[in-house]
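Data block below; observations after.
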Amino acid sequence: MQRRIYYRVKRGQTAREIARAFGCPLRALICLNGLAEEPREGEVLKIPPARNLYTVRGGESKALLCGSAEAFEDRNGTKWLYPEQEVFL
């Protein structure tokens, strides 16, 4: 079982910078924390657990990447799939 990681936001940091620093898709970070706007300084965010991060290529499907559309949406916090998107497998 993986231990949950928490991160306290520093002044001026954006969700995109935090996601990039932890190697997770921005959408997964937003979905896990219920963010509707940029996080505030001092806010504590949950970081998605480490999984295989993959960059989607044209012609790939949710079922091919994760076994089913539902599994893809649960892992990645989005129903969208497009080339160059970073997703969890």
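The values are calculated or read from the model by the stated rules, or taken from the named source; none is laboratory data. Quick caveat, the model's predicted, so the values are computed rather than measured. When we count neighbours, we look across all protein chains shown, and the Cβ atoms used for this are built from the backbone with ideal geometry, even at glycine. Only protein heavy atoms, including side chains, enter the accessible area calculation; ligands, DNA and RNA are left aside. Shrake-Rupley method; radii C 1.70, N 1.55, O 1.52, S 1.80 Å.
What residues have an amide H closer than 5 Å to that of residue 5, excluding those fewer than 5 places away on the same chain, when H is modeled at 1.01 Å from N in the peptide plane?
47
Quickly work out the residue 70-to-residue 11 label distance, labels modelled 7 Å from Cα along the C-beta direction, and quote it in nm with one decimal.
A separation of 4.8 nm, rounded to one decimal place.
Expressed in nm to one decimal, what extension gain is obtained for the pair residue 52 and residue 40 from 0.36 nm per residue of sequence separation less their Cα-Cα distance?
1.5 nm
How big is the dipole moment of the chain about its Cα centre under a simple scheme where the beta carbon of each Lys and Arg is +1, that of each Asp and Glu is -1, and everything else is neutral? Debye, nearest 20, please.
340 debye
Using the beta-carbon distance between residue 60 and residue 32 and R0 = 30 Å, what value does 1/(1 + (r/R0)^6) give for FRET efficiency, to the nearest 0.05?
My answer for the efficiency is 0.80.
Which of the aspartates and glutamates could be linked to residue 10 by a straight reach, that is with a Cα gap under 18 Å, when you skip same-chain ones fewer than 8 residues away?
Within the straight-line limit of under 18 Å, residue 10 reaches these aspartates and glutamates: 37, 38, 41, 43.
Show which lysines lie in cross-link reach of residue 62 when reach means a straight Cα distance below 22 angstrom and same-chain residues fewer than eight apart are skipped.
Within reach: 79.
How much accessible area per residue does the chain have, counting only protein heavy atoms and a probe of 1.4 Å, in square angstrom?
Roughly 69 Å² per residue, with all protein chains present.
Tell me, what are the semi-axes, in whole angstrom and largest first, of the equivalent ellipsoid of the chain as set by the roots of 5 times the Cα gyration tensor eigenvalues?
25, 13, 11
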